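The values are calculated or read from the model by the stated rules, or taken from the named source; none is laboratory data. All values derive from a computational prediction rather than experimental measurement. All Cβ positions, even for glycine, are placed from backbone atoms using ideal geometry, and neighbour counts span all protein chains on display.
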Amino acid sequence: MRNNTSDMIERYLKKLLQESADGVVELQRNVLAEQFSCVPSQINYVIGTRFTLEKGYLVESKRGGGGYVRIQKVALPTHDKIHVQVVQTIGNEIEQSAAEGMIYQLEEENLITCREANLMRAALHRETIALRLPQRDELRARMLKAMLVALLSK
């Protein structure tokens, strides 16, 4: 398991979110940076790369004196609404990074297994779908929709 500072910050923030009654955490960058003995820009990096909308998080930020960062976990829809949600979210095309973000979120929520996530990532990778853009993103979207509907329609 990774154990660098960024990973520790990520785990800490996820733990705070889990323990939060409303799924929202509000914190100050400087306080968190001091707690982990790092610079505030490392906090920004972790939040900016590991707490994205594609991964299921909304982030609100206010800079300056008394500034804060608010992270909110976005709830996934119920199974009966998943097909409509999948089609609306993905649309007609999807980039690899956005597809991987969705897969990450579903795995984090234990809606798909690690093995299923790895298979999906392999099938949706740009090297597997050896087409030029925009056809590659269009095919990826169709494949991802089909996979998610099949996996989540239990």
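Brief remarks on what is shown
- Scanning the stretch 94-146 for residues that are under 22 Å from Leu17 (Cβ atoms), without any contact (Cβ under 8 Å) to a residue 12 or more places away in the chain and surrounded by 15 or more Cβ atoms within 10 Å (Cβ to Cβ) turns up just one, Glu107.
- Filtered residue count, the stretch 111-139, keeping only those that are part of a helix (DSSP H, G or I), in contact with a helix residue (DSSP H, G or I) (Cβ under 8 Å, 6 or more places away or on another chain) and closer than 20 Å to Gly56 by Cα: 6
- Within the stretch 45-65, the set of residues being under 16 Å from Asp7 (Cβ atoms), surrounded by 17 or more Cβ atoms within 10 Å (Cβ to Cβ) and of a type in the set (Val, Ile, Thr) comprises Val46, Ile47.
- The residue that is surrounded by the most Cβ atoms within 10 Å (Cβ to Cβ), among those in the stretch 23-44 that are among the hydrophobic types (A, V, I, L, M, F, W, C), in contact (Cβ under 8 Å) with a residue 24 or more places away in the chain and farther than 11 Å from Ile9 by Cα, is Val25.
- Residues in the stretch 16-53 that are closer than 27 Å to Thr89 by Cβ and either in a helix (DSSP H, G or I) or not assigned by TED's automatic domain parsing to the domain that holds Tyr68 (or both): Leu16, Leu17, Gln18, Asn44, Tyr45, Val46, Ile47, Gly48, Thr49, Arg50.
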